[in-house]
1. With a ≥ b ≥ c the root eigenvalues of the C-alpha gyration tensor of the stretch 60-196, is it rounded (a/c under 1.5), prolate (a/b larger than b/c) or oblate?
2. So which of K90/K270; K144/K223; K5/K32; K179/K264; K100/K253; K39/K115 end up more than 20 Å apart, counting from Cα to Cα?
3. Using only Cα atoms and rounding to the nearest 10 degrees, what angle (0 to 90) does helix 224-233 make with the longest principal axis of the chain?
4. Hey, what's the Kirkwood Rh for the stretch 148-223 if you take every pair of different alpha carbons, in angstrom?
5. What is the pair-distance distribution P(r) of the stretch 176-283, computed from all Cα-Cα distances in 10 Å bins starting at 0, with each bin given as a whole percent?
6. Return the inverse of the average 1/r over all pairs of distinct C-alpha atoms in the chain, which is the Kirkwood hydrodynamic radius, in Å to one decimal.
7. Compare the peptides 233-242, 216-225 by average per-residue count of other Cβ atoms within 10 angstrom and give them in order, highest first.
8. Any chance you could give the angle, 0 to 90 degrees and rounded to 10, that helix 10-27 forms with the longest Cα principal axis of the chain?
Amino acid sequence: MIIVKLSGGLGNQMFQYAASRSLALRNIDILKFDLSWFKNLGDANRYFKLYVFNIINIAEATEEEIRNLKPTRLLRFLKLYNQRMYFKEKYFNFDPEILKLKGDIYLDGYWQSEKYFKDFDSVIRQEFNLKNPISVEAQNISLKIISDNSVSIHVRRGDYVSSPKTFAYHGVCSLPYYKQAIDIMKGKLKNPVFYIFSDDMQWVKEKLKIDGDIVYVSRLEIKDYEEMILMSQCKNNIIANSSFSWWAGWLNKNHQKIVIAPQKWFNLQKNIKDLIPEKWICI
């Protein structure tokens, strides 16, 4: 059995699922979720969201199953536990050791690299299709996205700005980043139409001036997971330092797609070489 601890927003949960699902496929084993993080958080903005996807087997681990694999904090502090059974992410970059794990395993981490699930690329893409059709509002935008030479722009602010702790860790993408990315797209594409997704659209309309065709997408009628799918339907993507738009770029099926990502993913210095796929442009 493989148990994965799920935590964070939709993008983080997708990374955690993709890595653990791929390990389960590799080992021909069953996968279960530890959802205790959401139950203990008390935050209405953070809850289990993978149910929206075409994932056939969603099974929650029992408390007993979790206890059997996850050592107490004291045992972890004293390092008196089986490190092949309880595997905590050691660092941000890809750790090839996870691919070698066998038997009963508890995974605790974020696993933000496609290298954890690249061998099962087609399965992950299939399972990250939505279970149900998108709303009529989203469908109308989808039709236009597909017909245009569309470029998604994701501007993530929200808790990146409102929470001092989160801002200190993540920071936000700068206006010069977006302007440079837009210029690159204009230089490579004919008649691009920019579709803007943001949790702070008022700020975007005031600050991010674009000379060209623009469609402001984000609105209350469109769910966050629908926004991710709409971004992935754009032919090209300008992503934020956010796992949410990372997945939109990764799920984009356009073989000629241009995906631009920020070199500065965190305020704190970290090597993101395993986070950004090779064919993406990092600026």
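1. The shape class here is prolate.
2. Checking Cα-Cα distances, K100/K253; K39/K115 exceed 20 Å.
3. 60
4. Taking the inverse mean of 1/r over all distinct Cα pairs, the stretch 148-223 comes out at 13.4 Å.
5. With a bin width of 10 Å, the distribution comes to 13, 47, 35, 5.
6. Details: mean 1/r = 0.0501 Å⁻¹.
Computed over the chain, the radius equals 19.9 Å.
7. Details: 233-242: 25.3, 216-225: 15.0.
Per-residue Cβ counts within 10 Å, averaged per peptide and sorted highest first, yield 233-242, 216-225.
8. 50
The values are calculated or read from the model by the stated rules, or taken from the named source; none is laboratory data. Note that the structure is predicted; figures quoted are calculated from it, not measured. Counting neighbours? That spans all protein chains shown, and the Cβs are built from the backbone with ideal geometry, glycine included. To get the accessible areas, we keep the full protein, side chains included, count just its heavy atoms, and leave off ligands, DNA and RNA. Shrake-Rupley method; radii C 1.70, N 1.55, O 1.52, S 1.80 Å.
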